[in-house]
1. Does SER298 meet the test of being farther than 27 Å from ALA80 by Cα and surrounded by fewer than 17 Cβ atoms within 10 Å (Cβ to Cβ)?
2. Could you check the range 217-276 for strands (runs of 3 or more DSSP E) lying wholly inside it with 2 or more residues that are modelled with pLDDT under 95 and either more than 16 Å from GLN335 (Cα to Cα) or open to solvent by less than 50 Å² (accessible area, probe 1.4 Å) (or both)?
3. Return the total of residues in the range 302-314 being touching a residue at least 40 places away in the same chain (Cβ under 8 Å) and either open to solvent by 20 Å² or more (accessible area, probe 1.4 Å) or of a type in the set (Gly, Ala, Ser) (or both).
4. Going through the range 63-72 one residue at a time, which ones are modelled with pLDDT of 95 or more and out of contact with any Leu (no Cβ under 6 Å at 6 or more places or on another chain)?
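The values are calculated or read from the model by the stated rules, or taken from the named source; none is laboratory data. Just so it is clear, the model here is predicted, and its values are computed rather than measured. With ideal geometry, Cβ positions are generated from the backbone for all residues, glycine too; neighbour counts draw on all protein chains shown. In case anyone asks, the SASA skips ligands and DNA or RNA and just uses the protein heavy atoms, side chains included. Shrake-Rupley method; radii C 1.70, N 1.55, O 1.52, S 1.80 Å.
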Amino acid sequence: MDIGLRGGLRGGLRGGVGARGRRAALAGTLVGAGLAASLMAGCTNHGPAVDGRGPRESAPPSGSATAGSPLAVKIDNVGAARPQTGLDAADVVYAEQVEGGLSRLMAVYATTLPKSVGPVRSARESDLELLRQFRNPTLAFSGAQRKLLPLIDRAPLRAKSPDEAAGAYVRNAGRAAPHNLFLRPSRLLPSAPGKAALTTGFRYGPAPSGGTPETTRTVRYPAARFAFRWSAGRGRWLVSMDGTPAVTTDGTRIAPATVVVQYVEVRSSRYHDVLGNPTPYTETVGSGKADVLRDGRSFDATWSRPAATDGTTFKTADGGRMNFADGQVWVVFAQAPS
């Protein structure tokens with residue numbers, strides 16, 4: 001089955017804004033109470049208290065991880081960034097559309113911390129909303145669009161770019177920039193927080209009855225595509241990206257146990273790149289339809305996330321419990337049909 005995601009948004013965000021640059025940007029941007037309020041309000045239909053961009057007064061200090069706090073890493077996904085490192089160790093991998101119709105990944109780690117993850121790239125506004133379902137997560141990213149930095153600073157998460165945690169990152173001399181920045185997770189978290197940190201709302205267990213036999217599924221963005229092929233021998237979905245089998249730098253084939261195609265609204269945000277091209281915003285709060293792939297079958301499902309602080313629950317078409325298979329889960333955000 002082949003699914004198309006519409007709307008080719010061109011351009012890219014600049015990353016790697018320095019700490020001194022961040023302070024300068026804040027000083028220059030937050031001039032006047034009206035402008036400061038505008039930045040805090042953001043651009044989604046959700047208020048700051050629920051969309052991930054509210055103040056972090058109730059969160060633990062940003063400089064220290066806490067028990068149950070997972071690690072989320074923004075991972076480059078263009079051809080020059082592959083093969084990636086550490087992607088197979090993630091508990092959850094989210095795939096989203098970015099500028100130019102390309103894709104980017106967010107990998108979430110709770111049960112295992114690999115030695116290295118990357119290449120690491122920049123954050124987006126919708127990442128803040130997506131991450132609100134976790135308690136004080138650590139976000140590893142290479143930088144962000146300058147006007148987005150104040151919102152990242154206010155979000156209830158530990159924002160750790162190379163400017164805040166230089167010792168956690170290393171450049172790979174064998175790769176060309178900007179596809180050569182890698183994270184050493186142990187420099188940000190003392191240990192893996194454990195499965196309890198995965199407050200996604202996902203439920204695991206036996207497959208529900210029904211479903212349709214399916215061995216392949218493709219999800220297309222304007223300039224990228226993901227393909228999943230069921231391997232009965234491995235009991236996993238083998239991932240390909242842009243027509244190339246997805247493997248890690250050590251040769252491990254990326255093979256989640258469950259693949260979720262989650263239909264959402266992908267719209268333009270109020271942020272733009274240097275050429276004036278709008279940045280996509282993926283709405284992950286609300287409800288809609290989904291296809292859940294597990295055990296060589298496809299299940300029609302619905303998803304619901306009433307507020308940003310809630311996890312996302314999935315139900316079968318008849319309202320029953322939609323269990324995922326034990327193992328890695330990939331969630332691919334696809335444009336909901338109009």
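1. no
2. Values: elements: 224-231, 236-241, 258-264, 266-272.
So the answer is 266-272.
3. Residues meeting the conditions: 6.
4. First pass over the range 63-72, keeping only residues modelled with pLDDT of 95 or more: 70-72.
Matches in the range 63-72: PRO70 only.
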